1. What tally of residues in region 136-173 results from selecting those that are part of a helix (DSSP H, G or I) and touching a residue at least 24 places away in the same chain (Cβ under 8 Å)?
2. Restricting to region 199-213, give me the number of residues that are open to solvent by 50 Å² or more (accessible area, probe 1.4 Å) and touching a helix residue (DSSP H, G or I) at 6+ places or on another chain (Cβ under 6 Å).
3. Is it the case, given these coordinates, that Glu14 is under 22 Å from Arg146 (Cβ atoms) and either open to solvent by 50 Å² or more (accessible area, probe 1.4 Å) or touching a strand residue (DSSP E or B) at 6+ places or on another chain (Cβ under 6 Å) (or both)?
4. Can you go through Leu166, Leu142 and tell me which one is touching a Ser or Thr at 6+ places or on another chain (Cβ under 7 Å) and of a type in the set (A, V, I, L, M, F, W, C)?
5. If I filter region 192-213 for residues that are closer than 20 Å to Asp144 by Cα, out of contact with any Phe, Trp or Tyr (no Cβ under 7 Å at 6 or more places or on another chain) and of a type in the set (A, V, I, L, M), do I get at least one hit?
6. Any idea which of Glu102, Glu77, Glu62, Glu54 is touching a residue at least 24 places away in the same chain (Cβ under 8 Å) and either out of contact with any helix residue (DSSP H, G or I) (no Cβ under 7 Å at 6 or more places or on another chain) or of a type in the set (Gly, Ala, Ser) (or both)?
7. Within the set of pairs 6+ apart or on separate chains, which have a first residue in region 225-237 that is within 14 Å of Gln205 (Cα to Cα), a second that is in a loop (DSSP other than H, G, I, E, B) and of a type outside the set (Lys, Arg), and C-beta atoms under 8 Å apart?
8. When region 213-237 is examined, which residues are found to be among the polar types (S, T, N, Q) and not in a helix (DSSP H, G or I)?
Amino acid sequence: MKSSAKNIINDVREALQNSVDETADAQRYSKDKLKVYGMRNAAIASIAKISFKEIKDRPKEEIFSLCEILWKSEYLEEGYIACNWSYAIRRQYEADDIKTFENWVQHYVTNWITCDTLCNHTVGTLIEMYPKQISYLKKWALSDNRWMRRAAAVTLIVPAKKGLFLPDIFKIADTLLMDKDDMVQKGYGWMLKEASKENLEKVYQYIMKHRASMPRTALRYAIEKFPPQMKAEAMKK
C-alpha cells in the first residue's frame, strides 16, 4: 500500500533525528542563522537517496508537493533533501516548472547553502533544457530578495562551465555589478569565474572593462582561475 505524504515526511524526519551528529557544525560555514538537526552531508545524502526510492514512481506534482513540505520546515537538512528529490526527477521537467522553483527560492531559501544546492542543479538543469526561461533569471537579478539575486547568478554555474549562455551571463553580471550584498557579489563573481574556463578572453575583456566599478569581492572571485599575468592586470588599481 502506498504511504501517505504524512508518513513519508515523518519517516524522513525520524531518519534525520536518528542521524544527528553533535560534532557536525554547518553554522560555521554561514553568517546567516541556520535551523539544523546537526549532521554530516554524507548522512543527509544517504537519507535522501533511500527515501526517494519510496516516491520515485509518483507523479511529479506529488513529489514537488512533498518537497514543499520539507522546505516549509526551514531545516537546512530538509531543504537539502527537497533539492535532491527535485533534481532526481529532472527528466520530467517542463518549462513552467521554473515557476515552482522561483517560489521556492523566493519563500524558502534563507542561506547560501540551500540557494546553491537548489540552483546549481535543479534550476540550472531546467534552464539548459528550456533556454528561454533564462528570462526568469534576469528578473530575479532585479529582486529585493538577496537570495533571488544570488540565484540569478549561481543557477548558471554549471552551464557556464560548458561555455553556454555567455551573453546572458554578462547581462546578469551587468545587473548585479554594483550590488552591495557580499553573497550576491560572490555569486556573480563565481559565475564569471566558471564562464572564464571556456571563454577566457571574453571574460577577461569584460572584467577589464568593469574592474574599476566592480566590488573587490566579486573581482577576486571572477579572476581566480585567470593566468597570473591576466590576474595581475585585472587587480591593478
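The values are calculated or read from the model by the stated rules, or taken from the named source; none is laboratory data. On a predicted model such as this, the values are computed, not experimentally measured, just so you know. Don't worry about glycine lacking a Cβ; one is built from the backbone with ideal geometry, like all the others, and counts go over all protein chains shown. Remember, those area values only see protein heavy atoms, side chains included, never the ligands or the DNA or RNA. Shrake-Rupley method; radii C 1.70, N 1.55, O 1.52, S 1.80 Å.
1. Quick first cut of region 136-173, residues part of a helix (DSSP H, G or I) only: 136-140, 146-154, 157-161, 166-173.
Now drop any that are not touching a residue at least 24 places away in the same chain (Cβ under 8 Å), which leaves 136-138, 140, 146-154, 157-161, 166, 168-173.
Selection size over region 136-173: 25.
2. Going through region 199-213 one residue at a time, the tally reaches 1.
3. Numbers: under 22 Å from Arg146 (Cβ atoms): no; either open to solvent by 50 Å² or more (accessible area, probe 1.4 Å) or touching a strand residue (DSSP E or B) at 6+ places or on another chain (Cβ under 6 Å) (or both): yes.
No: the conditions fail for Glu14.
4. On the way: Leu166 fails: touching a Ser or Thr at 6+ places or on another chain (Cβ under 7 Å).
That would be Leu142, the only listed residue that is touching a Ser or Thr at 6+ places or on another chain (Cβ under 7 Å) and of a type in the set (A, V, I, L, M, F, W, C).
5. From region 192-213, those closer than 20 Å to Asp144 by Cα are none; that's our starting set.
Checking region 192-213: not a single residue is closer than 20 Å to Asp144 by Cα, out of contact with any Phe, Trp or Tyr (no Cβ under 7 Å at 6 or more places or on another chain) and of a type in the set (A, V, I, L, M).
6. Testing whether each residue is touching a residue at least 24 places away in the same chain (Cβ under 8 Å) and either out of contact with any helix residue (DSSP H, G or I) (no Cβ under 7 Å at 6 or more places or on another chain) or of a type in the set (Gly, Ala, Ser) (or both) leaves just Glu62.
7. Met230/Ile223; Lys231/Ile223; Ala234/Ile223; Ala234/Phe226; Met235/Ile223
8. Applying the first criterion (among the polar types (S, T, N, Q)) to region 213-237 yields 213, 217, 229.
Correct list: Ser213 only.
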